[in-house]
1. In what sequence, largest accessible area first, do 357, 308 appear using a 1.4 Å probe?
2. Give the residues of the range 228-246 whose amide nitrogen is closer than 12 Å to a point set 7 Å from the Cα of residue 146 in the direction of its Cβ.
3. Give, in nm to one decimal, the length gained when the segment between residue 233 and residue 34 is fully stretched (0.36 nm per residue of separation minus the Cα-Cα distance).
4. Could you check the spin-label model distance between residue 308 and residue 218? Points 7 Å from the Cα along Cα→Cβ, value in nm.
5. Whole Å is fine, so just give me how far the alpha carbon centre of the range 201-265 lies from that of the range 7-26.
6. Treat each spin label as a single point 7 Å out from the Cα along the C-beta direction, and report the residue 93 to residue 297 distance in nm.
7. Mind ordering 173-181, 150-158 by average Cβ neighbours within 10 Å, highest first?
8. On average, how much accessible surface per residue is there in the range 202-264, in Å², for a 1.4 Å probe, leaving out ligands, DNA and RNA?
Amino acid sequence: MTSRTVTLLDVARTAGVSKSTASDALQGSGRVAEATRDRVRAVAEELGYRPNSAARRLRRSSTGAIGLHLPQTATRLDYYMNLAFGAVARAQEEGLDVVLLAPASTVGGTGGAGGATGPGGATGPGGASGPVASRVDGLLVIDPEVGDSAVPGLLDAGVPVVTGERYLGPTAAPTGAVICDNAASLTALLDHVTERGARRPAVLAPAGTSAWATALRATAASWGQEHGVDVALRTVPFAATPGEAEETTLALLRADPAVDAVICAPDGAAPGVLRAAATLGRPVGPGAPRATAGEPTPLLVASCVDGTATRSAEPPVTAVDLRPAAYGRACAELLCDILAGRTPPDTVRRHAWALETRASTTTGPA
């Protein structure tokens, strides 16, 4: 069958099933026995069958695209760009395009990044259902904040919605979610710096109403109570710049010189903590010379989000690797699975993180 295009009927005949069964088997839908599904897929691969994605979308009344909504600060954070790339890569494997929904359009505009159209009018329940549902098959809503007026309309858009992290607001629940254990990641950082000798840790926690920000603030307080340690908690903007982190750290260390570890939450802001330490003459890392009477105490520095800024800093900064590209891929995969009927609605999946220890908190090889 190399002289012409292989059709779905060719696959069905070779596999010994009906055309509808072959279609269900390849799409992961319908009630098809696992052995039959595997046989049909093996035959399709052997024959070199390639589905006509345009025709398939027409049969499904599908747009062939999913929407991606990111926080308004996303455009200047490496984390969200890497997450978006991961989502796009997974969607493409399903033959789906990704439409980036521009934050500005959620208040009535129509512009979108890269020429995409955003969810105009998505300011209240049901407000986005017409425009958004007509353009995409489903939605990814990443780090939804209770204060984001677009989110309720997106959740009520009339298409499946997968959130990256839980939505803490009162509106309709998403169709599915992919979540990280953010409390555990900050706990790991606090445990790590105290194991390295810190006695008075501080946390620069993000403002805002996302599940990530809320969990970090709550964990800083609960960890301190559990361990009998007074954690110095300072709130900074969700997407704090290195300059804002530097200003906050300078004020913190001047007011409370006993602080001997600073954990900075926002992506890319940790170099500001290092600059503040340098300004005050505080050596960074447990390998720094221990202070004698009258000399500054060494400072441990860590970050809740790993990235280029933490890896390339001097010294390199210990951080939580949230694996953003893999996270974006996981969110897109769950949405694709729900759209294809491979996974039921209300599914919640967990995403793993890793602690990367570096010279800002360790001595010798990490």
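The values are calculated or read from the model by the stated rules, or taken from the named source; none is laboratory data. Everything quoted here is computed from the prediction, not taken from an experiment. Quick reminder, even Gly has a Cβ in these numbers, built from the backbone with ideal geometry, and neighbours come from all protein chains shown. What goes into the accessible areas is simple: the full protein's heavy atoms, side chains included, and nothing from ligands, DNA or RNA. Shrake-Rupley method; radii C 1.70, N 1.55, O 1.52, S 1.80 Å.
1. Working: 357 35, 308 80 Å².
So, going from the largest accessible area down, we get 308, 357.
2. No residue passes the distance filter.
3. Result: 66.3 nm gained on full extension.
4. Result: 3.4 nm between the two label points.
5. 58
6. Inter-label distance under the simple model: 4.8 nm.
7. Details: 173-181: 20.1, 150-158: 22.7.
Top to bottom by mean Cβ count within 10 Å: 150-158, 173-181.
8. Working: 2400 Å² over 63 residues.
Per residue, the range 202-264 has 38 Å² of solvent-accessible surface.
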